[in-house]
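This report refers to the structure that appears directly beneath it.
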Amino acid sequence: MNSLTGKTALITGGGSGIGQGIALAFAELGANVVVCGRRVDALESTAHAGRAFPGQIHPLPGDISQEGDVTRIVNATLAQFGKIDILVNNAAVSFSGPVHTVSVETWDQVMAINLRGPFLMCRAVLPHMRAQRSGHILNISSESGIEYYPGDAAYGTSKHALNALDEYLQRENQEFNIRVNTICPGMVVSEMTADEPHLNRAKCLFPSDIADLAVWLVTRRANIKVGSPILIQTMENPWEQ
């Protein structure tokens with residue numbers, strides 16, 4: 001059985017959905033997990049859900065689009081555990097609408113959370129991973145970061161850019177034994193998709209599906225290289241009833 005005992009994982013957007021699913025999966029395998037996000041109650045709910053696991057989940061509120069919050073979160077994690085072995089950039093917001101209807105404020109908010117946030121987190125964590133000459137960064141992107149769906153420009157552009165950031169991260173840090181992978185899920189049942197009309201949730205992915213993939217990626221043999229981005233979808237169209 002795979003084990004993450006002794007590992008420390010930092011997960012953004014860990015209060016619900018994919019982030020919560022990955023946090024619970026890592027804690028079940030023995031990792032100490034720090035979940036951060038803007039909603040304290042959601043983070044505490046994740047910690048409570050994993051209370052019986054061998055690894056403990058620690059909530060740490062903060063806004064990853066703010067440099068000061070990122071510095072505080074990373075420093076607090078290092079102060080408590082002495083290292084960060086895994087960083088999962090999962091936090092994201094979505095907005096639907098054609099380009100000409102997107103306000104500047106909305107565009108900036110989407111880019112701040114979905115792209116600036118992962119950049120700030122990586123920038124803060126990488127010096128420590130490079131010093132310990134090991135680490136793993138998982139970016140949670142989207143099928144929208146590979147395809148081009150009309151009406152999805154703000155979210156899709158942020159995810160296409162996140163996929164490109166992955167490649168730079170990998171090329172700049174592989175000599176330090178740091179692995180970088182980006183997962184691009186199709187439609188996942190979560191709070192973000194709760195209001196989607198005409199969606200057949202029985203044909204969707206679930207957070208546990210993404211968590212299973214995340215576990216394999218961070219526990220696979222060192223000699224196995226996986227290309228990015230990794231697209232994960234369901235066989236059936238989730239929009240078909």
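Values quoted throughout were computed directly from the atomic coordinates according to the rules given, and no laboratory measurement underlies them. Computed from a predicted structure; not experimentally measured. Quick reminder, even Gly has a Cβ in these numbers, built from the backbone with ideal geometry, and neighbours come from all protein chains shown.
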query: For the range 195-226, list residues with backbone N below 19 Å from a point placed 7 Å from the Cα of Ser3 toward its Cβ?
result: 215-222
field: Measure of compaction for the chain (Cα Rg per 2.2 N^0.38 Å)
entry: 0.96
- prompt: Measuring from label point to label point, each 7 Å out along Cα→Cβ, what is the Trp107 to His48 span in nm?
  reply: 4.1 nm
- request: Note the full-extension length gain between Tyr148 and Gln132 as 0.36 nm times their separation in residues minus their Cα-Cα distance, in nm to one decimal.
  value: 1.9 nm
Alpha-carbon centroid distance for the pair the range 100-160 / the range 31-57, whole angstrom: 23 Å
message: Cut-off is 10 Å between beta-carbons; in what order do His198, His58 appear when sorted fewest neighbours first?
response: His198, His58
- prompt: In the range 1-103, which trypsin sites (Lys or Arg not before Pro) are in a loop and have at most 11 other Cβ atoms within 10 Å, using DSSP for the loop call?
  reply: Arg51
3J(HN,Hα) from dihedral phi, the range 138-152, Karplus parametrisation 6.51/-1.76/1.60, rounded to Hz, x for glycine, proline: 10, 9, 9, 9, 6, 3, 5, x, 10, 8, 10, 9, x, x, 10
- request: Taking the Cα centre of the range 1-105 as origin, work out the dipole magnitude from +1 charges on Lys and Arg Cβ and -1 charges on Asp and Glu Cβ, in debye rounded to 20.
  value: 240 debye
message: Given the options Ser134, Ser228, Ala202, identify the residue whose Cα lies farthest towards the positive end of the charge dipole of the chain (+1 on Cβ of Lys, Arg; -1 on Cβ of Asp, Glu).
response: Ser134
message: Let's see if you can work this out: charge +1 on each Lys and Arg Cβ, -1 on each Asp and Glu Cβ, no other charges. What is the dipole magnitude of the chain about its Cα centre, in debye to the nearest 20?
response: 980 debye
field: the range 167-178 - phi-based ³J(HN,Hα) in whole Hz, Karplus 6.51/-1.76/1.60, Gly and Pro as x
entry: 5, 5, 4, 5, 5, 7, 10, 5, 6, 9, 6, 10
- request: Would you be so kind as to identify which of Leu43, Pro238, Phe26 lies farthest towards the positive end of the dipole of the chain, taking Lys and Arg as +1 and Asp and Glu as -1 on Cβ and the Cα centre as origin?
  value: Phe26
